[in-house]
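First comes the structure, then the notes that go with it.
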Amino acid sequence: MRENIIIGLTLITALPMAAREKQQKHPNLIFVITDQLRNDVFGCRGDEIARTPNIDRFKSESADFTNAVAVTPVSAAARASLFTGKYTSSTGMVINELRLNPNQRAWGHVLTENGYNTSYIGKWHLYGTCSEHHQDECAFIPKGPDRLGFDGEWKAYNFHHNNMNSYYYEDKKEKIYYGEGTYEPEEQFKMAGCSLERLCKEKKPFALFLSIGVPHDPWTKDNVPEKYYNRYKEVPFILPSNWSDVPDKYMDRNANPVKWITYWKQNIPEMKRVYYSMVSSIDDYMGELMDKVSKLGLDENTIIVFFSDHGEMFGENGRIFKMIFYDSAAKVPFMIRWKGKILPGQEIEACLNTPDIMPTLLGMMQLPIPEAVEGMDLSPLALGRKCKEPDFAFMQGMGHTFQWKDGHEWRSVRDKQYTYAKYLVDGKEFLFDNINDPKQTRNLVAEPKFARTLIEKREQMAFKMKELNDKFKPCSWYRGRWVDENRCIQASAKGYFGR
């Protein structure tokens with residue numbers, strides 16, 4: 001009898017221990033997603049204007065993937081790739097304001113099925129079917145398959161970019177406002193802190209995704225708190241050194257030559273002031289979040305990622321906004337911190353692309369990677385080990401940012417030194433040496449010295465397009481073939497999505 005009691009007590013006390021062991025085996029994840037944040041606007045990147053002490057400190061404690069790029073430098077496409085581990089031609093998210101097909105294995109499914117508590121806070125941008133972003137029918141994501149497995153806490157919206165006095169949704173189609181005088185990113189970071197307090201008390205690993213809408217435009221003084229604007233109020237902002245008075249003819253918007261001079265040339269310096277103000281706000285809140293993680297004792301069992309979906313051109317190379325292969329739009333910050341597991345301060349030059357992020361994090365968390373994932377697991381690199389890595393990153397410009405307009409399609413490959421790109425409309429090619437020409441102003445395509453490099457890049461692009469069944473079609477070709485009349489994605493280069 002005594003033996004039975006001892007055995008019973010042993011089994012009972014072993015259960016909490018098993019739960020703790022599971023939590024140790026599968027670490028927590030905090031994934032911070034910023035919107036339109038360039039890779040170079042931090043003090044740790046050498047920017048003398050930026051005031052980013054907390055992000056600089058985060059980099060010093062992290063593995064920094066210095067060649068990370070966005071597979072398609074526009075929000076919805078990049079996010080579709082992030083959550084599925086697939087290329088844009090395989091998600092079908094060829095432009096913004098489409099609804100992602102939910103019949104595919106996504107990150108949230110893996111987390112939920114493996115016992116994780118999930119929390120999603122902020123912008124989603126995978127459920128859009130209209131341009132009236134504040135309508136409930138467009139902004140509210142119902143509980144169910146369209147949340148891609150994020151079945152836990154949900155405080156989100158499809159997308160908007162009004163930062164002051166804004167709102168989110170939970171499980172009802174009713175806007176929940178932060179309140180008068182509030183700044184959305186600050187409120188979202190506060191909610192994340194409250195979520196961490198709750199999640200760390202539950203004996204399960206958790207994954208918290210915090211998706212904030214800054215520093216996306218509009219870059220107006222009234223879209224950021226005055227205290228952040230005042231940090232840069234007296235700082236002179238100038239046009240970039242590679243500014244051109246002639247806009248890029250391939251740009252999908254704002255290519256009017258007159259407006260380029262009378263509006264953009266006049267206003268970019270002030271817009272950059274607001275942009276840097278928004279970046280400073282992110283920096284403050286990141287510092288507070290890191291303090292919260294330490295206070296809750298989560299440092300050593302929590303992977304923390306700082307990331308952006310794409311960058312911003314700000315007049316460089318004759319362009320504004322994104323959706324282009326130039327580094328200012330395509331390169332993104334991707335830093336991973338895991339105290340005690342990741343060697344702090346390391347810089348990793350691997351050609352990491354958006355589809356690689358999901359398998360890389362799942363690999364670090366020792367979770368299964370879905371068979372349909374097209375990216376590579378580069379987790380050994382972050383953990384200080386060698387592994388097979390991509391020879392290049394393949395990027396896809398499928399068309400206009402959000403309209404069914406042709407003439408802007410491109411494909412590109414980027415390795416550790418060169419960027420090669422080609423436009424569909426006229427076959428124009430570009431080749432840049434990103435080490436010796438970081439502003440990407442000198443096209444090397446016609447220079448005999450680089451003929452072999454050009455051939456190699458063409459072959460790499462052709463290989464990847466064949467592998468993905470990417471036919472390089474005009475933007476309007478996908479309408480009616482992959483996307484129905486309601487802007488819902490039904491198919492991709494890999495065929496129709498199942499049920």
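So that you can scan it fast, the table gives a plain yes or no per residue for (1) in contact (Cβ under 8 Å) with a residue 40 or more places away in the chain; (2) over 21 Å from the mean Cα position of the chain (by Cα); (3) over 30 Å from Pro438 (Cβ atoms):
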{"position": "Ala80", "(1), (2), (3)": "yes, no, no"}
{"position": "Asn101", "(1), (2), (3)": "yes, no, yes"}
{"position": "Thr118", "(1), (2), (3)": "yes, no, yes"}
{"position": "Asn165", "(1), (2), (3)": "no, yes, yes"}
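Is it fair to say Asp391 is in contact with an Asp or Glu (Cβ under 8 Å, 6 or more places away or on another chain) and surrounded by fewer than 18 Cβ atoms within 10 Å (Cβ to Cβ)? For Asp391, the condition - in contact with an Asp or Glu (Cβ under 8 Å, 6 or more places away or on another chain) and surrounded by fewer than 18 Cβ atoms within 10 Å (Cβ to Cβ) - is met. Within region 137-172, the set of residues being over 19 Å from Asp35 (Cβ atoms) and either outside any helix (DSSP H, G or I) or touching a Ser or Thr at 6+ places or on another chain (Cβ under 7 Å) (or both) comprises Phe140, Pro142, Lys143, Gly144, Gly149, Asp151, Gly152, Glu153, Glu170, Asp171, Lys172. Consider Tyr232 carefully, then state whether it is open to solvent by less than 20 Å² (accessible area, probe 1.4 Å), of a type in the set (Phe, Trp, Tyr), out of contact with any His (no Cβ under 9 Å at 6 or more places or on another chain) and under 30 Å from Tyr120 (Cα atoms). Spelling it out, it is not the case that Tyr232 is open to solvent by less than 20 Å² (accessible area, probe 1.4 Å), of a type in the set (Phe, Trp, Tyr), out of contact with any His (no Cβ under 9 Å at 6 or more places or on another chain) and under 30 Å from Tyr120 (Cα atoms). Out of Ala76, Ala68, one residue alone is over 30 Å from Gly480 (Cβ atoms), out of contact with any helix residue (DSSP H, G or I) (no Cβ under 6 Å at 6 or more places or on another chain) and among the aliphatic types (A, V, I, L, M). It is Ala68. Within region 466-481, residues that are buried (at least 17 other Cβ atoms within 10 Å of the Cβ) reach partners that are in a helix (DSSP H, G or I) with beta carbons closer than 6 Å, at six or more positions or on different chains, in the pairs Leu468/Ser89; Asp470/Ser89.
Cβ-Cβ contacts under 6 Å between residues 6 or more apart (or on different chains), taken from a first residue in region 193-207 that is closer than 14 Å to Thr302 by Cβ to a second residue that is part of a helix (DSSP H, G or I) and not charged (D, E, K, R), are listed as Pro205/Gln23; Phe206/Leu199; Ala207/Leu111.
Among the residues of region 235-256, the ones that are open to solvent by 70 Å² or more (accessible area, probe 1.4 Å) and of a type in the set (D, E, K, R) come to 2 in all. How about region 201-229: which of its residues are modelled with pLDDT of 95 or more, acidic (Asp, Glu) and open to solvent by less than 70 Å² (accessible area, probe 1.4 Å)? Matches in region 201-229: Asp217 only.
The values are calculated or read from the model by the stated rules, or taken from the named source; none is laboratory data. Note that the structure is predicted; figures quoted are calculated from it, not measured. Cβ atoms come from the backbone with ideal geometry, glycine included; neighbour counts cover every protein chain shown. Only protein heavy atoms, including side chains, enter the accessible area calculation; ligands, DNA and RNA are left aside. Shrake-Rupley method; radii C 1.70, N 1.55, O 1.52, S 1.80 Å.
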